[in-house]
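The values are calculated or read from the model by the stated rules, or taken from the named source; none is laboratory data. All of these numbers come straight from a predicted model, not from anything done at the bench. Virtual Cβ from ideal backbone geometry, glycine too; neighbours counted across all protein chains shown.
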Amino acid sequence: MKILIIDDERSIRNSMREILSDEGYIVEVAEDGAQGFEMASKGHYDVVFCDIKMPGMDGVEVLDRLIADGTESAIVMISGHGDIETAVECIKKGAFDFIQKPLDLNRLLITIKNATDKTKLVTQNKTLKKKVYGGGQMIGESPAILHIRDIISKVAATPARVLITGGNGSGKELVARALHAQSDRAAQPYIEVNCAAIPSELIESELFGHEKGSFTSAIKQHKGKFEQADGGTLFLDEIGDMSLAAQAKVLRVLQENKLSRVGSDADIKVDVRVIAATNKDLRAEIEKGNFREDLYHRLSVIVIKVPSLDERKEDIPLLVDYFVDQICNEAAMPRKTFSPEAVKMLQERSWKGNIRELRNVVERLLILGDDTITSANVKDYVL
């Protein structure tokens, strides 16, 4: 564990360094705020101890600048007796804690333990989010993927609703996750609903919630997906399969930003960004009377078409490498490689199942193929 001490008093710097070094920590020191800020900005420290009163750049300014830079270090302020009020204000600004002079060894060590626990929790949370949201990763450098990345970068920070179109397995959900991850709602809930997977008689309850006793199996109150996503993003996947009755209620939520649970007339205000996706031609569905035209126009402020894998076969080598790393890491398998001939054969093949099918094929070849996946392996297990 690495610790930085920023204090203009040499005796405090040295005593803290000596104590913490004896406890097994890696300790570095800075003699003023400017030097401390530069060190904290360039190096990764688990904990930064920063004195409040220093000449030049004081501790409050160091804290403000580190917080603005998005530091992941836990910052602990060192306060004299007259600095308590300022120390409390520092905690409101984002400091983890403060310790008073004269320094108490037990208090110092407990603060470090608590601070490192918090740092680990933040790291674990980021890792988990990356797993849940896939980091918004869309693997590929084809013109089609670069175009989608460009659109996402322009649209994500806006409140505009987005309709994502494309075939099954093409990666529509990755576009939705990227839009959420790059938006100002990224720290808020991201809720996915597969409209095709929910029976039509239950879709309204799932989306809008229900009150206890509103139907036979409603044994308790239930918050719907819109309420669960309040403040964040709701991804309505395969919205073309939603019933007309549910479409009417979704339209009302989009128009009025409020809903009522099944079995209740009370309005509930919600603040949700809706991203929808479909593998259907919604304009054709409108002509057939299966989809509301007014809802279509509400959802399609921005339309992003995700290309099929057959439309971007130049990305297959990158995708194969990515899936090899992902699958081998998840399954704790020895990493295998694909011969250029094997990759070429995969590029020449048609991929009706898109990215999802490619991943399944890579996994099959990793399990059944040789240490180096050959064209013979592809012939035996794929073609």
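If you scan the stretch 222-236, which residues turn out to be in contact (Cβ under 8 Å) with a residue 40 or more places away in the chain and outside any strand (DSSP E or B)? Give the derivation first.
Filtering the stretch 222-236 for residues in contact (Cβ under 8 Å) with a residue 40 or more places away in the chain gives 226-227, 229-236.
Within the stretch 222-236, F226, E227, A229, D230, G231, G232 qualify.
Only one of (1) surrounded by 15 or more Cβ atoms within 10 Å (Cβ to Cβ); (2) not in a helix (DSSP H, G or I) is not met by I19, so which one is it?
So I19 meets the others, but not (2).
Quick check on my filter: what residues within the stretch 151-166 are charged (D, E, K, R) and either part of a loop (DSSP other than H, G, I, E, B) or at positive phi (or both)?
Looking only at the stretch 151-166, we keep the residues that are charged (D, E, K, R), and these are 154, 161.
Selection gives R161 alone.
Within the stretch 177-192, can one find any residue that is under 20 Å from L244 (Cβ atoms) and not in a loop (DSSP other than H, G, I, E, B)? Even if it seems obvious, please write down each step before you answer.
Residues of the stretch 177-192 that are under 20 Å from L244 (Cβ atoms), as a first pass: none.
Checked the stretch 177-192: no residue is under 20 Å from L244 (Cβ atoms) and not in a loop (DSSP other than H, G, I, E, B).
Helices (runs of 4 or more DSSP H) wholly in the stretch 308-382 with at least 2 residues that are of a type in the set (V, I, T) and within 28 Å of A144 (Cβ to Cβ) - which ones?
Numbers: elements: 316-331, 340-348, 354-368, 375-381.
Of the helices (runs of 4 or more DSSP H) lying wholly inside the stretch 308-382, those with at least 2 residues that are of a type in the set (V, I, T) and within 28 Å of A144 (Cβ to Cβ) span 316-331, 354-368.
For (1) surrounded by 14 or more Cβ atoms within 10 Å (Cβ to Cβ); (2) modelled with pLDDT of 90 or more; (3) out of contact with any Leu (no Cβ under 9 Å at 6 or more places or on another chain); (4) among the aliphatic types (A, V, I, L, M), each residue gets a yes or a no:
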{"site": "E85", "(1), (2), (3), (4)": "no, no, yes, no"}
{"site": "L108", "(1), (2), (3), (4)": "yes, yes, no, yes"}
{"site": "R149", "(1), (2), (3), (4)": "yes, yes, yes, no"}
{"site": "K154", "(1), (2), (3), (4)": "no, yes, yes, no"}
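Just to check your reading of the model, which residue among S339, S308 is closer than 30 Å to Q247 by Cα, at pLDDT 95 or above and polar (S, T, N, Q)?
On the way: S339 fails: closer than 30 Å to Q247 by Cα.
Step by step, each of S339, S308 is checked, and only S308 is closer than 30 Å to Q247 by Cα, at pLDDT 95 or above and polar (S, T, N, Q).
From A34, A68, grab the single residue that is of a type in the set (G, A, S) and at pLDDT below 90.
Working: A34 fails: at pLDDT below 90.
So the residue among A34, A68 that is of a type in the set (G, A, S) and at pLDDT below 90 is A68.
Could you please find all residues in the stretch 1-14 being of a type outside the set (A, V, I, L, M), surrounded by 15 or more Cβ atoms within 10 Å (Cβ to Cβ) and either in a helix (DSSP H, G or I) or free of Cβ contacts under 8 Å to residues at least 40 places away in the same chain (or both)?
R13
Based on what the data block shows, is I302 surrounded by 14 or more Cβ atoms within 10 Å (Cβ to Cβ) and hydrophobic (A, V, I, L, M, F, W, C)? Please lay out each step first, then the result.
Working: surrounded by 14 or more Cβ atoms within 10 Å (Cβ to Cβ): yes; hydrophobic (A, V, I, L, M, F, W, C): yes.
Here the answer is yes, as I302 does meet what is asked.
Check S183, S243 and return the single one that is at pLDDT below 95, in contact with a Ser or Thr (Cβ under 9 Å, 6 or more places away or on another chain), polar (S, T, N, Q) and farther than 27 Å from M138 by Cβ. Working first, answer last.
Working: S183 fails: farther than 27 Å from M138 by Cβ.
None of the others qualify; the one that does is S243.
Among all residue pairs at least 6 apart or on different chains, which show Cβ distances below 9 Å where the first residue, located in the stretch 351-378, is within 15 Å of Q326 (Cα to Cα) and touching a residue at least 60 places away in the same chain (Cβ under 8 Å) and the second is in a helix (DSSP H, G or I) and not hydrophobic (A, V, I, L, M, F, W, C)?
none
Looking for whichever is assigned by TED's automatic domain parsing to the domain that holds G169 and loosely packed, with under 14 Cβ neighbours inside 10 Å here; the options are P189, P199. Which one fits?
Working: P189 fails: loosely packed, with under 14 Cβ neighbours inside 10 Å.
Going through P189, P199 in turn, the sole match is P199.
Just to be sure I understand, how many residues within the stretch 259-295 are within 26 Å of the chain's Cα centre (by Cα) and free of Cβ contacts under 8 Å to residues at least 24 places away in the same chain? Walk me through how you get there before you give the answer.
Residues of the stretch 259-295 within 26 Å of the chain's Cα centre (by Cα): 269-279.
Now drop any that are not free of Cβ contacts under 8 Å to residues at least 24 places away in the same chain, which leaves 269.
The qualifying residues number 1.
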